[in-house]
Amino acid sequence: MERQTYMLVPSTTRGRYALDRADGADVSSNQYIAIKIGSRWVPGTVEFARPNSKGPVPGTCVTESVSNPLPVGACYYFISNDGDIVGLCVGMRVRIL
């Protein structure tokens, strides 16, 4: 049975990503997902980077809102089962595992 595929979109909750619709289910820390990279589905977990004196986690996106900005470096990112780090971004294809 093939799992349902979703697209990440900006959530109605500031600084978060949702599945397919802004008012859809949000992606959360420690959630086990797979992201599509090229033609491969890569499994791993979602994590949240909090800003600190060291700056953002390498390879992650910086989420900003003009009306209510998040601190630089505060963002959700993905850690593959192999330890690779990828920033979550609008338009990514994901599956919930």
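The values are calculated or read from the model by the stated rules, or taken from the named source; none is laboratory data. Owing to the predicted nature of the structure, the values given are computational and were not obtained by experimental measurement. With ideal geometry, Cβ positions are generated from the backbone for all residues, glycine too; neighbour counts draw on all protein chains shown. Quick note on the areas: whole protein, heavy atoms, side chains included, nothing else; ligands and nucleic acids left out. Shrake-Rupley method; radii C 1.70, N 1.55, O 1.52, S 1.80 Å.
A few points about this structure:
- Residues of segment 1-19 classified as of a type in the set (A, V, I, L, M, F, W, C) and under 10 Å from the mean Cα position of the chain (by Cα), total: 3
- The condition of being open to solvent by 40 Å² or more (accessible area, probe 1.4 Å), over 12 Å from the mean Cα position of the chain (by Cα) and modelled with pLDDT under 65 holds for only one of PRO43, PRO69, that being PRO69.
- The set of residues in segment 2-31 being open to solvent by 50 Å² or more (accessible area, probe 1.4 Å), without any contact (Cβ under 8 Å) to a residue 40 or more places away in the chain, at negative phi and not small (Gly, Ala, Ser) consists of GLU2, THR12, THR13, ARG21, ASP23.
- Residues located in segment 19-37, provided they are over 18 Å from ILE79 (Cα atoms) and small (Gly, Ala, Ser): ALA22, GLY24, ALA25
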